[in-house]
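Here is the structure we will look at, set down as structure tokens.
The values are calculated or read from the model by the stated rules, or taken from the named source; none is laboratory data. For clarity, every value in this text was computed on a predicted model and none was experimentally measured. Cβ placement follows ideal geometry from the backbone for every residue including glycine, while neighbour counts extend to all protein chains displayed. Note: areas computed on protein heavy atoms with side chains; ligands, DNA, RNA excluded. Shrake-Rupley method; radii C 1.70, N 1.55, O 1.52, S 1.80 Å.
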Amino acid sequence: MATGPREGGVLEVEKQKVKPPPLFKVLLLNDDYTPMDFVVGVLQNFFGMTREQATQVMLKVHREGMGVCGVYPKDVAATKVEQVISYSRQHQHPLQCVMEEN
Ligand code: TYC
């Protein structure tokens, strides 16, 4: 950031030290009990995916064990994780969701 001229007429230029906020991946974990349709609904409702996108991500998690639902700043990622776990518990499903720094 450039500051105005000072008493001596010297123009000081300071380097901007503001870093972009760190981003976190929100990951869904596979389990043997949560119905596929429920996972698709979670991905549509909490991560804004279309039914087709949600189905692809759900199948990836089902086959590979985990998959990325989205990438967000820390507070948003933490809220998504809480919402997914809480909503799944309310419906008696063991679906697990975690966040990981990118
Ligand atoms: N493996 C589950 C089943 O066969 C489906 C599933 C997919 C569960 C993704 C969790 O994150 C998950 N019903």
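Just one of (1) more than 10 Å from the ligand (Cβ to nearest atom); (2) open to solvent by 40 Å² or more (accessible area, probe 1.4 Å); (3) assigned to a helix (DSSP H, G or I) fails for HIS62. It is (1).
For PHE46, indicate whether it is in a strand (DSSP E or B) and out of contact with any His (no Cβ under 7 Å at 6 or more places or on another chain).
Here the answer is no, as PHE46 does not meet what is asked.
Residues in the range 21-35 that are near the ligand (Cβ under 6 Å from one of its atoms) and surrounded by 17 or more Cβ atoms within 10 Å (Cβ to Cβ): LEU28, ASN30, THR34.
Taking the conditions exactly as written (among the basic types (Lys, Arg), in a strand (DSSP E or B) and at negative phi), does LYS25 satisfy them or not? Reasoning before the result, please.
Working: among the basic types (Lys, Arg): yes; in a strand (DSSP E or B): yes; at negative phi: yes.
Yes, satisfied.
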